[in-house]
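Report on one structure; see the data block that follows.
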Amino acid sequence: MRKKLNKIQFGLLLTSAALLILLDQCSKAWIRDNLVMGESWPETGILRVTRVANTGAAFGLFPNQSVILACLSITVIIVMLIIIERIVNITNLHLASAGLVLGGAFGNLIDRFHLGYITDFIDFKLWGDYHWPIFNFADSAIVIGTAIFAIALYRSNIRDKASEKSTGFSS
C-alpha cells in the first residue's frame, strides 16, 4: 500500500519544479527584454540564442493550437501527479524528474496564458543551413524529466519484482 508523500519528498518535488519554473521564466524574460523577435546572438555559430514565438507544441508542431495545447499541458500535469501518488516505492529520482516535467509544463503554460505563445531561444545549427528546432529550458526539462522518470519507473518495477520473488509474495 502506498503511503502519502512525506514533507521531505513533497519538498523535493516542489523545489525541483519551482527551480525549473524560475530558471525558465527568468531566461525567457531576459530574452524578451534583450532581443527583438527573430534576432540571434551571436549572429553566426553552432549555438546561438535566437528569439522566436512558438504558438505550437515542442519543435513548432501544431502551430496556433494554444487552447488545445494548454489543455494537454494541464492533462499532463494531472496525470503526472496521479502517477506519483500511485508509485508504491517512490524514490528521490522519481520526484526530482517529475519535478522537471511539472516545472517545464507549468513554465510553458505561464507563457501560453500570459503571452499567447511560448518564448523559445536555444538555437543549434547542426550542418549547413539546418537548425534543430529552437526550444527553451522548459522544453528541455520536459524531455529530460520524462526520460529519467520512465527509466526510474522501469528500474523500480524490476526492483519490486525481484523483491517479490525473494520474499515469495506478490501483490
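Structural remarks
- Every condition in (1) of a type outside the set (D, E, K, R); (2) part of a helix (DSSP H, G or I); (3) over 14 Å from residue 29 (Cα atoms); (4) more than 15 Å from the chain's Cα centre (by Cα) is met by residue 133 except one, and the failing one is (2).
- Complete set of residues in region 5-45 that are touching a residue at least 40 places away in the same chain (Cβ under 8 Å) and assigned to a loop (DSSP other than H, G, I, E, B): 5, 35, 45
- Filtering 156, 166 for residues that are at pLDDT below 90 and closer than 25 Å to residue 11 by Cα leaves a single hit, 156.
- Any hit, region 2-9, residues being on the phi < 0 side of the Ramachandran plot, surrounded by 15 or more Cβ atoms within 10 Å (Cβ to Cβ) and at pLDDT 90 or above: yes
- Some residue of region 113-128 being modelled with pLDDT of 90 or more, closer than 17 Å to residue 12 by Cα, part of a helix (DSSP H, G or I) and not polar (S, T, N, Q): no
- Within region 46-80, being surrounded by fewer than 13 Cβ atoms within 10 Å (Cβ to Cβ) and part of a strand (DSSP E or B) holds for one residue alone: 47.
The values are calculated or read from the model by the stated rules, or taken from the named source; none is laboratory data. Since the structure is predicted, the reported quantities are computational estimates derived from the model, not experimental observations. Cβ atoms come from the backbone with ideal geometry, glycine included; neighbour counts cover every protein chain shown.
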